[in-house]
Structures are given as C-alpha cells and as structure tokens.
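The values are calculated or read from the model by the stated rules, or taken from the named source; none is laboratory data. Please read these numbers as outputs of a predicted model, since none were measured by experiment. Because the Cβ atoms are built from the backbone with ideal geometry, glycine has one as well, and the counts that use them run over all protein chains shown. For accessibility, only protein heavy atoms count, side chains too; no ligands or nucleic acids. Shrake-Rupley method; radii C 1.70, N 1.55, O 1.52, S 1.80 Å.
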Amino acid sequence: MSEEMDRRVKFDIVMLSPQARGLTAGQTEDHVRMRNLDSGLEWIWPRQKFLNRKFAMQEMFEDFKEGENWQLPDEQDPFTETPDAEVYIGTSNLSLESLAYHMALEIALNITDYRDRKIGVLNVTLLPCNENGSPYTVEQDKFVDDPADLLNQDLHFTLKIASISGLPPQYADMYVQYTMFFENESNRSAVISDTSASELNFSKQFSFMPLTKEVLEYLSTGALLLQVWGKQRPPKDGSLHKSKNTKQMIKSELMVLASAAPNEPIKKTVDIAKVTSQMKMHVTEKKLARLEEKNGTVQKDD
C-alpha cells in the first residue's frame, strides 16, 4: 500500500527482547518498524498499534483505488508519526552485585539498541553511604567477605548517572529512566537537549532498612535496566531521496543490500560479564588486603 500510494515509508518486522521493552525477563516479541525513507527516522510500534493503523491504511487505500479523496491531515494519517513522539533509544544493564559486598563501583556501560548494537556509553557509579548520603571514607571501609553478613543490617547507597556520550546525532531531548526493585514508579533524569550536551549528574539515594533476604538476592544476581529515551530530528539537508518515489527507494535499498559485503556479526553486550569480572577481582583484592592486614597484626603481637 505504501508503494502504490507513494507514502514514502517502509514497514519491517523486528524482534524485541524483554530488555529492549524495559523488562528484566520474558520472551522476545515481534514489533513493527516504520521507517521514513525521506528522513531515515524510524519508529517501533507494538503489534496491536500496527494492526489498528493497518485497518485505517486499508480504508485509505480503498479510497485511493476508487479515485476518491484519500488524503488525510497528518494527525489522522496512519502512515505518519508525530515528530515529537518519544522513542526508545537503548538500554544499559547495570549489575548490582558490588553492593552485596558493600563495595563502590564506577563503570562506563554500553548503551545498546533493540538490535543489540552499541550506540553510546553511560557513565554510572554505585556508592555505599550512610543514612545521610555521605559516602564512606577509606578508613570507614564497610567491605564484607560474605554478602550474608549484610542480612538484617541497614544498607544505604547512591546511584549516580554522571553522563551519556556517543549517541547518534539524530537524537534530541534525551533522558534516562529506571525502576529499582521495590519501586512502583520510574526514576527519570533531567532532559538534555542534544548529543553534544552529555552531562546528566542524576543522583538518587536508596535505603533498605533492614536488608532482607529477598533484596540481597536481587542485589547479588539481578541487574538494573537503565533505559535511554528521546526524540528524533530529521536531517538538516531534508529528504535523502528527493528524486525517487517509494517503489524506487525500496528497490534501490534492496540492490544496495544485495551487493554489499556480508556484515560482521553483531557483538553482544557484555556489560554484565564485565561488571561481574571486575567485581570478583576487586573482592579478591579486598580479601587479600584484609588477610595481609590480619597477618601483620598477628606478627606485631608476636
């Protein structure tokens, strides 16, 4: 229908993982991507939204075939999406395991899109603190050898999202949001206007008083999904294919794909494995340092 009516959009089926939908678990689901062939901008629709739009498209197409007035204003046109519509940009997965050992963590996390491609970086810090939000000093180190030692103790920590970088320039009005284990509402950062303004400085303190077995299990094995949302803006030079109609644009794309060399396999995000590896190394270092400290104390007593 889009080709026949020259609507300059293309539809594809895409598969979205639970993480790409803001969920920590679940099954992959099919969605529909609508891509504007003029601007290159794209929107991901849930299956039901596409089906609703499809009925309106079919009615419009029937009017088109019968020679009736089929054109509609943008706000009613099923082939268009408002430029101000917020879109999902990508997700970072933050392991919380360091908190189970009462350790701080500072890390640059990959932001991956729905294809699991790296499209940017999110700089994040997990910082154990006291009830007033003050981080512990080196002398106040609260590291524990066994996470079970934290059970029924008060745990306070701050999650800081310092900055975001590396995102494609077509995005604007971006923000980060996440929902902690026990929360009913999402936490949302301030909006940054474009990809050149990367400072977020978004911080929130969390307290578990006391730390229960359920929460400790979550910290030890779970991950927090940090979602990046924003808006798209069309290219400054306007249409990418001014002289072609919809059918010609789609045909040109297919020819380019057919002649292109096979793409390298997409590398899956490894942030969880990276954080876990770093955490285990730091835990080992802490344990060795504590053992050396104890041995030194024993030798002095001798």
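Table: residues versus (1) assigned to a strand (DSSP E or B); (2) at pLDDT 90 or above; (3) of a type in the set (A, V, I, L, M); (4) in contact with a strand residue (DSSP E or B) (Cβ under 8 Å, 6 or more places away or on another chain).
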site: ASP12; (1), (2), (3), (4): yes, yes, no, yes
site: MET15; (1), (2), (3), (4): yes, yes, yes, yes
site: GLY26; (1), (2), (3), (4): no, no, no, no
site: ARG35; (1), (2), (3), (4): yes, yes, no, yes
site: GLY40; (1), (2), (3), (4): no, no, no, no
site: ILE44; (1), (2), (3), (4): yes, yes, yes, yes
site: GLN48; (1), (2), (3), (4): no, yes, no, no
site: ARG53; (1), (2), (3), (4): no, yes, no, yes
site: ALA56; (1), (2), (3), (4): no, yes, yes, no
GLY133: open to solvent by less than 10 Å² (accessible area, probe 1.4 Å) and either small (Gly, Ala, Ser) or under 19 Å from ILE192 (Cβ atoms) (or both), yes or no? no
Scan of the stretch 170-193 for residues that are open to solvent by less than 40 Å² (accessible area, probe 1.4 Å) and without any contact (Cβ under 8 Å) to a residue 40 or more places away in the chain, ordered by number: GLU183, ASN187, SER189, ILE192
Over the stretch 170-209, the set of residues within 24 Å of THR112 (Cβ to Cβ), in a loop (DSSP other than H, G, I, E, B), hydrophobic (A, V, I, L, M, F, W, C) and at pLDDT 90 or above is MET180, ALA190, VAL191
May I ask you to say which residue of ASP63, ASP74, ASP116, ASP30 is more than 30 Å from GLU217 (Cα to Cα) and open to solvent by less than 60 Å² (accessible area, probe 1.4 Å)? ASP63
Does the stretch 1-27 hold any residues that are of a type in the set (A, V, I, L, M, F, W, C), closer than 24 Å to ASN184 by Cα and open to solvent by less than 60 Å² (accessible area, probe 1.4 Å), and which are they? LEU16, ALA20
I want to confirm something. Restricting to the stretch 210-263 and keeping residues that are open to solvent by less than 70 Å² (accessible area, probe 1.4 Å) and among the β-branched types (Val, Ile, Thr), which single residue is modelled with the lowest pLDDT? ILE250
In the list GLY67, GLY90, GLY133, which residue meets the criterion of being touching an Asp or Glu at 6+ places or on another chain (Cβ under 9 Å) and not charged (D, E, K, R)? GLY90
With within 25 Å of LEU226 (Cα to Cα) and free of Cβ contacts under 8 Å to residues at least 40 places away in the same chain as the only criterion, which of GLU62, GLU66, GLU75, GLU29 stands out? GLU29
Quick one: which residue in LEU167, LEU127 is open to solvent by less than 50 Å² (accessible area, probe 1.4 Å), outside any loop (DSSP other than H, G, I, E, B) and touching a residue at least 24 places away in the same chain (Cβ under 8 Å)? LEU127
